[in-house]
Amino acid sequence: MEAIVCHRAAPGDRIAQACVRRPVLFQGRKVDFRLYLAVRSFEGREAYLFRRFYGRVANNVYSLEPDQAHDHHTHFTVSCYDPDEAVRSQQLMVPYDDLVAELESQGLDVAGIKSQLHDLAHNLLAAGSYQIGSWPRSRAVYGLDVLLEQGRAARLRAVVDASEPAEGDVEQLRSAVMAVLAAGKDGSASSAEADVQDVLHITSKLWNKCVETKDPNGKAPRWQLQLRQLASDLLSMLKEAELPAGWLTVPFKLYFQMLRLMAAAYLKIGNAALALQCVQGQRMLPPRLAEQCSVQYQALQSFLQLDRIQDAEKELQAILSNQDASKALCLDALSAVSKQHCTSALHSAIDMVLNRFTDDPAFVCSLANVLLSSVDKVGAESEGADQLTLMAVGKEAVLNLLNNGDAGARAKEGIFSLLWNRGTEHFQAKAYSAAADMYAAALLYATADGDKAQTARQLALCHLGADQSSKSLDYVAIAEKSQPGGISTAFIRFKVATQEAYSAGASAVVNYIELSDYFNQASRHMAEVGAAHFFGDDDGRPRDLEWFATMAWNTGREAGLAGDFMSSAVLFGACADFYSAHPVKDVANCGRQKVRDPVI
């Protein structure tokens with residue numbers, strides 16, 4: 001059964017799937033319900049469930065016998081897509097009324113089942129809306145395949161995208177366009193208005209579903225070619241049609257819609273040259289259509305694909321200057337340019353967009369996210385995006401904006417997380433200078449004392465890695481001020497102090513008394529609270545214990561060689577305490593033996 005589920009190819013995109021082993025049957029055969037869910041909005045969760053579902057029945061009688069365990073026609077309800085005509089013809093589709101009658105004959109509560117289906121669709125919409133952004137013009141239709149278990153619980157088996165464009169949509173669009181032109185010639189305004197709505201509905205469906213599978217030759221599918229021919233036919237008919245004065249705006253709008261759709265299709269399959277031709281066609285239309293920001297955005301995408309950077313920069317400036325361009329579109333345009341690493345074009349663009357949306361703290365957070373996510377990994381490629389982000393979030397006007405109100409506080413927290421995460425990526429790559437820049441900016445946006453202390457400690461480690469002990473101690477002091485008595489801060493202070501001692505050279509005067517005091521305090525505190533509470537990490541405790549013990553041993557030996565035997569004794573004692581707390585007995589015994597016989 002698992003092999004069938006894994007390897008049996010099913011048509012269409014599957015968003016989710018599940019398997020039910022004890023289903024309710026239709027006349028002894030497995031049956032699923034096909035429902036349609038039309039989603040109008042994920043933000044606000046507005047959707048409509050078509051009530052008159054229908055059933056699809058498996059070809060064979062249901063059986064759990066071993067010889068039937070892997071039989072497709074026993075366990076799968078859909079065979080209408082099978083390439084074999086004989087198999088396709090066996091598919092039984094059960095209308096709503098017949099399906100309800102069968103369920104009632106089995107004593108099932110149909111009203112209860114309908115309620116379950118409604119709840120199932122509601123829960124699916126709630127779960128599916130997670131992290132889906134707002135886009136007012138978005139529409140979608142999904143096919144829900146549902147099975148009933150013998151316990152009478154509705155189980156969602158699959159969610160299928162049911163709004164894929166088809167060649168029939170283009171033919172339907174052609175018929176609707178002809179109706180519009182006919183109404184225009186007859187001067188029937190009311191009829192034309194209804195026909196225009198049909199055209200816009202079909203065109204919007206194609207527009208929203210303009211996502212192609214690119215074939216090896218980069219060719220568009222047949223329905224796209226049909227659409228291109230329809231647009232060409234419409235342009236010819238517009239030139240020849242004798243339409244009433246002032247009425248030409250309606251067919252112009254239709255032509256504009258189709259050119260926009262064609263440009264999007266060509267951009268999807270990577271043919272930017274043809275997409276640009278469609279954009280140029282849109283710009284030959286009346287200004288009310290030609291100057292729309294969607295035209296500018298398609299031109300921007302085309303120029304970027306063609307590597308015409310200067311032209312792309314001009315389109316970006318035009319979009320950001322267009323008062324009709326939404327915040328989302330401006331961010332999309334900035335994202336497209338930043339992914340091409342065109343940092344020179346983005347300096348002035350960022351100033352423009354920040355000046356335009358000065359009253360929206362969340363926009364600043366979104367802008368930082370767009371810039372930082374424009375590269376896949378840190379390094380030389382991310383340098384430009386990092387600097388642009390630091391420039392944007394470091395502006396005084398931005399800082400003042402984010403210090404006001406709850407919205408500012410939320411945006412501030414988001415920016416802190418973005419900067420912290422990018423700094424951590426650099427830190428893990430041992431790019432300490434780049435990491436320090438990000439952490440320093442994050443420190444400006446840290447509000448909680450714990451965040452300030454943690455960021456300051458990371459900055460201390462960055463400067464420690466760059467052999468800048470003085471700056472490291474400055475950030476240790478900030479961490480201590482934000483979170484007094486923190487063990488993590490004490491660890492870093494130890495590291496800085498010991499690194500200074502070892503890197504200064506034999507001629508330097510090392511304060512062994514201060515170092516011995518640090519280690520003595522640490523060992524006493526560990527004895528008071530226990531090693532588990534002192535280190536707080538069971539997995540990392542042996543490593544930390546060995547680090548403290550080794551550092552105490554090395555420092556004690558150096559103190560003895562320098563003639564400071566009192567400090568040396570204290571440090572060896574601390575070393576013994578740390579080794580004694582080690583969970584591995586062999587390591588503990590070896591350490592204690594080493595302390596008993598120090599070689600100085």
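The values are calculated or read from the model by the stated rules, or taken from the named source; none is laboratory data. Predicted, not measured: the structure shown is a model, and the values here were computed from it. Neighbour counts are summed over all protein chains in view; Cβ atoms, including those assigned to glycine, are modelled from backbone coordinates with ideal geometry.
So which residues in the stretch 73-104 are in contact with a helix residue (DSSP H, G or I) (Cβ under 7 Å, 6 or more places away or on another chain) and exposed (fewer than 15 other Cβ atoms within 10 Å of the Cβ)?
Residues satisfying the conditions are 80, 104.
Here's a check for you: in the stretch 476-517, which residue that is surrounded by 19 or more Cβ atoms within 10 Å (Cβ to Cβ) and hydroxyl-bearing (Ser, Thr, Tyr) is modelled with the lowest pLDDT?
498
Go through the stretch 437-476 residue by residue and tally those that are farther than 21 Å from residue 413 by Cβ and in a helix (DSSP H, G or I).
The total comes to 14.
I want to confirm something. Restricting to the stretch 391-431 and keeping residues that are over 17 Å from residue 366 (Cβ atoms) and among the polar types (S, T, N, Q), which single residue is surrounded by the most Cβ atoms within 10 Å (Cβ to Cβ)?
Filtering the stretch 391-431 for residues that are over 17 Å from residue 366 (Cβ atoms) and among the polar types (S, T, N, Q), the one surrounded by the most Cβ atoms within 10 Å (Cβ to Cβ) comes out as 424.
Taking helices (runs of 4 or more DSSP H) that fall entirely within the stretch 281-367, which contain at least 3 residues that are hydrophobic (A, V, I, L, M, F, W, C) and under 23 Å from residue 265 (Cα atoms)?
Counting at least 3 such residues, we get 293-305, 309-321, 327-338.
Can you tell me which residue within the stretch 114-158, out of those that are assigned to a helix (DSSP H, G or I) and closer than 21 Å to residue 56 by Cβ, is modelled with the lowest pLDDT?
124
Checking the structure you have, find out if any residue of the stretch 369-379 is modelled with pLDDT of 80 or more, exposed (fewer than 15 other Cβ atoms within 10 Å of the Cβ) and polar (S, T, N, Q).
Among the residues of the stretch 369-379, not one is modelled with pLDDT of 80 or more, exposed (fewer than 15 other Cβ atoms within 10 Å of the Cβ) and polar (S, T, N, Q), which makes the answer no.
Suppose we keep only residues that are surrounded by fewer than 19 Cβ atoms within 10 Å (Cβ to Cβ) and in contact (Cβ under 8 Å) with a residue 24 or more places away in the chain within the stretch 272-287. Which one would you say is farthest from residue 324 (Cα to Cα)?
Step by step, filter the stretch 272-287, then rank; the result is 273.
Conditions: (1) assigned by TED's automatic domain parsing to the domain that holds residue 337; (2) surrounded by 14 or more Cβ atoms within 10 Å (Cβ to Cβ); (3) free of Cβ contacts under 8 Å to residues at least 24 places away in the same chain. Residue 388 meets all but one. Number of the miss?
(3)
If you go through the stretch 51-73, how many residues are modelled with pLDDT of 80 or more and either among the hydrophobic types (A, V, I, L, M, F, W, C) or over 17 Å from residue 146 (Cβ atoms) (or both)?
Here the count works out to 7.
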